[in-house]
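Structure first, commentary second.
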Amino acid sequence: MENKKFLHKDSFDYEKYVAMVKQHHKNGDAFSWFDYIYDCVEGDYTKVFWADLEPNPYLVDWLKQELIKKHNKTACVIGCGVGDDAEVLSEYGYKVTAFDISKSAINLCKKRYPNTKVNYLVADLFDYPKEWFESFDVVYECNTIQVLPNQYRKKAKTAMNNLLTKDGYILVSCRSREENTMEDVIPLPLSKSEINEFVTIEKLKEISFEAYDDTQEPPVPHFWGVYQK
Ligand SMILES: C[S@@+](CC[C@H](N)C(=O)[O-])C[C@H]1O[C@@H](n2cnc3c(N)ncnc32)[C@H](O)[C@@H]1O
């Protein structure tokens, strides 16, 4: 396990991480390395380097508005990682389906939240169960489109839109970049025109959009977008 410590939060090595991701992309393998990241922490979710271990504050602020009043409201979390955002959606009364392509990530969630009401499961955004089609009032994703190589990024938005009920909301949190810059910088942040494809291609309505710098040192530019069907 020693050689995998470069992926642990407390000994993370960005250069080695990038080399690993690029090698997988070069081999035409866009997805298997996610499980590697969760597997190498050997059951300790606090060591997952990209996990904030708290719910996204923009998601919490959106939930506080209580825009969806109906009973039995449903939410789907794409690429749920170690589960903080799925759990807060559940706390706000949503029936939550949270999935990740990584079995090790889902195992970490189940171990971390043994009494959870969230339905955590292994699934692929590009091959999810047909019965999920148009069945969620909220579809949430944080930092998942941005880890996908180019050929999957438009498809990811369509797959998210297909999960949404009529009038449902897509909530997106991601790193951002200026147009025509950082096109191969891992992780691959989204440009405004890219996130805007929820409007220009998926034909959703932009309800709110914010570009902001996070609290890291140095600060990392981000987008938060809310779109409605
Ligand atoms: C950068 S991580 C973000 C995890 C979590 N959302 C967070 O904010 O901490 C991206 C996540 O997307 C998952 N993922 C990547 N491709 C996926 C796919 N095709 N279907 C489902 N999950 C996927 C990865 O396993 C990983 O957990």
Residues in segment 155-166: is at least one under 21 Å from F49 (Cα atoms), out of contact with any Leu (no Cβ under 6 Å at 6 or more places or on another chain) and at pLDDT 95 or above? no
Please work out which residue is surrounded by the most Cβ atoms within 10 Å (Cβ to Cβ), limiting yourself to segment 110-130 and to residues that are touching a residue at least 60 places away in the same chain (Cβ under 8 Å) and farther than 24 Å from Y169 by Cα. R112
Please go through segment 192-213 and give me each residue that is assigned to a loop (DSSP other than H, G, I, E, B) and either out of contact with any strand residue (DSSP E or B) (no Cβ under 7 Å at 6 or more places or on another chain) or loosely packed, with under 13 Cβ neighbours inside 10 Å (or both), ordered by number. N196, I201, E202, K203
Filter segment 63-84 down to the residues that are touching a residue at least 60 places away in the same chain (Cβ under 8 Å) and over 11 Å from the mean Cα position of the chain (by Cα), then identify the one that is farthest from L171 (Cα to Cα). K70
Consider segment 166-191. How many of its residues are touching a residue at least 60 places away in the same chain (Cβ under 8 Å) and buried (at least 18 other Cβ atoms within 10 Å of the Cβ)? 4
Every residue in segment 1-32 that is part of a helix (DSSP H, G or I), closer than 19 Å to Y45 by Cα and of a type in the set (D, E), please. E2, D10
Given the criteria among the hydroxyl-bearing types (S, T, Y), crowded, with 20+ Cβ neighbours inside 10 Å and at pLDDT 95 or above, does T46 qualify? no
Selection within segment 93-105 - surrounded by fewer than 19 Cβ atoms within 10 Å (Cβ to Cβ) and not in a strand (DSSP E or B): G93, K103
Has segment 131-143 got at least one residue that is hydroxyl-bearing (S, T, Y), within 17 Å of L59 (Cβ to Cβ), touching a residue at least 12 places away in the same chain (Cβ under 8 Å) and surrounded by 14 or more Cβ atoms within 10 Å (Cβ to Cβ)? yes
Hey, does segment 63-83 have a residue that's surrounded by fewer than 20 Cβ atoms within 10 Å (Cβ to Cβ), assigned to a strand (DSSP E or B), more than 12 Å from the ligand (Cβ to nearest atom) and modelled with pLDDT of 95 or more? no
Test: residue in segment 108-115 that is modelled with pLDDT of 95 or more and more than 24 Å from D39 (Cβ to Cβ): yes
If a residue must be within 12 Å of the ligand (Cβ to nearest atom), out of contact with any His (no Cβ under 9 Å at 6 or more places or on another chain) and assigned to a loop (DSSP other than H, G, I, E, B), how many such residues does segment 34-53 contain? 4
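The values are calculated or read from the model by the stated rules, or taken from the named source; none is laboratory data. All values derive from a computational prediction rather than experimental measurement. Cβ coordinates were reconstructed from backbone atoms using ideal geometry, including for glycine residues, and neighbour counts include every protein chain displayed.
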